[in-house]
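Undergrad: Got a structure for you, written out below as structure tokens; questions coming shortly.
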Amino acid sequence: MTTHATPAPDACSVGFDRVGASAYGTAAQARFFLALEQPGPWGRDAARESHLGAEVGGALADACSDRGGRFTLIRRTGAHADAHHGGAHTAYLGWAGPDPWLLVTQVEDPTRLLDLDFDGLARGDREAVARSVPGAVPAEPVLLVCTNGRRDVCCAVRGRPVALDAAAAAPGRVWEASHTGGHRFAPTGVLLPHGATLARLDAGLALAALEAADHDRLPPALLGPVHDRGRSALPPAAQAAESHVRALVGETSLTALSTRPDTLSDPGYDHELFVVEHRDQRRWSVATTRREVASLPESCGKAAVPLAVWEPVLRD
């Protein structure tokens with residue numbers, strides 16, 4: 001992949017690339033997203049360590065996490081001077097469950113978002129959310145690329161160039177993000193509203209993802225364990241099962257598949273069973289198992305730990 005800089009040989013993402021670690025089942029779980037524009041520097045805990053302010057950032061983060069959602073800061077690509085924001089902040093509100101949707105609004109004062117109907121957002125009630133945020137309108141899909149070097153240097157070295165190049169080709173639709181989870185898979189990104197979480201991006205793949213997302217799809221190049229981390233609305237093992245079926249049958253639609261636990265799971269076994277259903281009524285039974293494959297640091301500068309990946313297998 002092409003970037004503007006070269007990561008260190010011992011960078012966490014380089015190690016994961018070297019062993020070809022599967023990305024299946026590694027999407028940070030979230031049913032909904034609140035992404036708020038906040039320029040300037042971000043700390044490791046960006047919600048509480050930025051010019052947004054710890055009190056409002058922490059309150060927004062807690063309101064999302066308490067309801068099974070995710071709060072992230074976003075900013076436009078380019079230089080990030082240490083200066084306070086003087087204008088309106090863009091905010092995206094996205095539901096990643098069935099029938100995903102995305103709203104966008106501009107807020108002069110981010111504290112106004114504390115009046116957001118978080119319960120409505122958590123249940124995917126688009127009308128209730130829109131009523132609580134005057135001026136919110138439907139938005140086309142956007143891609144958030146993690147670039148927060150304070151969390152992990154791989155995100156800055158590998159993520160920022162991808163975001164910069166992709167944003168130049170798709171202005172207003174690619175944002176730097178404070179955290180997507182999984183910096184070991186940098187450059188990482190999340191497509192809103194679908195919550196499709198992607199690994200090892202380059203600018204070309206990022207743009208292909210955006211183009212396909214306009215039609216509720218993923219590009220074929222992003223199917224499989226190299227790039228597909230899973231849909232955020234599902235728990236990890238279910239993400240792996242669904243991504244496995246998606247790759248096997250070449251299903252690019254982000255809304256065609258649904259995944260649920262198999263009620264006939266075998267007691268006493270070390271795997272989890274899922275039923276993956278297609279809207280055309282096809283159905284697959286998938287067993288997912290955790291398998292240790294190596295010992296690697298999951299973050300730059302950290303000690304190596306056992307690496308286990310999800311191993312999904314179709315059952316007869």
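Undergrad: List, please: which pairs have Cβ atoms under 6 Å, are six or more places apart or on different chains, and start with a residue in the range 227-239 that is farther than 17 Å from residue 192 by Cβ and touching a residue at least 24 places away in the same chain (Cβ under 8 Å) and end with one that is of a type in the set (A, V, I, L, M) and in a strand (DSSP E or B)?
TA: Within 6 Å, the pairs are 227/198.
Undergrad: For residue 17, only one of the following conditions fails: (1) closer than 25 Å to residue 233 by Cα; (2) of a type in the set (Asp, Glu); (3) in contact (Cβ under 8 Å) with a residue 12 or more places away in the chain. What is its number?
TA: For residue 17, the exception is condition (1).
Undergrad: Same structure again: Which of the residues that make up the range 211-226 are more than 19 Å from residue 98 (Cα to Cα) and either surrounded by fewer than 21 Cβ atoms within 10 Å (Cβ to Cβ) or touching a helix residue (DSSP H, G or I) at 6+ places or on another chain (Cβ under 7 Å) (or both)?
TA: The answer is 211, 219, 220, 221, 222, 223, 224, 226.
Undergrad: Using beta carbons and a limit of 9 Å, which pairs, at least six apart or on different chains, have the first residue in the range 90-106 and closer than 25 Å to residue 230 by Cβ and the second one assigned to a loop (DSSP other than H, G, I, E, B) and of a type in the set (Ser, Thr, Tyr)?
TA: 96/232; 98/255; 99/255; 100/255
Undergrad: Would the range 240-254 turn up any residue that is touching a helix residue (DSSP H, G or I) at 6+ places or on another chain (Cβ under 9 Å), at pLDDT below 95 and either acidic (Asp, Glu) or part of a helix (DSSP H, G or I) (or both)?
TA: The answer is no; no qualifying residue exists.
Undergrad: Looking only at the range 1-54, how many residues end up being among the aromatic types (Phe, Trp, Tyr), at pLDDT 95 or above and touching a Leu at 6+ places or on another chain (Cβ under 7 Å)? Full working, then the answer.
TA: We begin by selecting, within the range 1-54, every residue among the aromatic types (Phe, Trp, Tyr); these are 16, 24, 32-33, 42.
Retained after the next criterion (residues that are at pLDDT 95 or above): 24, 32-33.
Next cut, touching a Leu at 6+ places or on another chain (Cβ under 7 Å) only: 32-33.
Residues that pass the stated criteria total 2.
Undergrad: Output the residues belonging to the range 274-316 that are acidic (Asp, Glu), more than 30 Å from residue 8 (Cβ to Cβ) and in contact with a Lys or Arg (Cβ under 9 Å, 6 or more places away or on another chain).
TA: Within the range 274-316, 277 is the sole residue that qualifies.
Undergrad: Follow-up. Report, by residue number, each residue of the range 13-48 that is aliphatic (A, V, I, L, M) and either closer than 22 Å to residue 105 by Cα or not in a helix (DSSP H, G or I) (or both). I'd like the intermediate steps shown before the answer.
TA: Step one: filter the range 13-48 for residues aliphatic (A, V, I, L, M), giving 14, 19, 21, 23, 27-28, 30, 34-36, 46-47.
Listed by number, the residues that qualify are 21, 23, 27, 28, 30, 34, 35, 36, 46, 47.
The values are calculated or read from the model by the stated rules, or taken from the named source; none is laboratory data. Note that the structure is predicted; figures quoted are calculated from it, not measured. Reconstructed Cβ throughout: ideal geometry from the backbone, glycine too, with neighbour counts over all protein chains shown.
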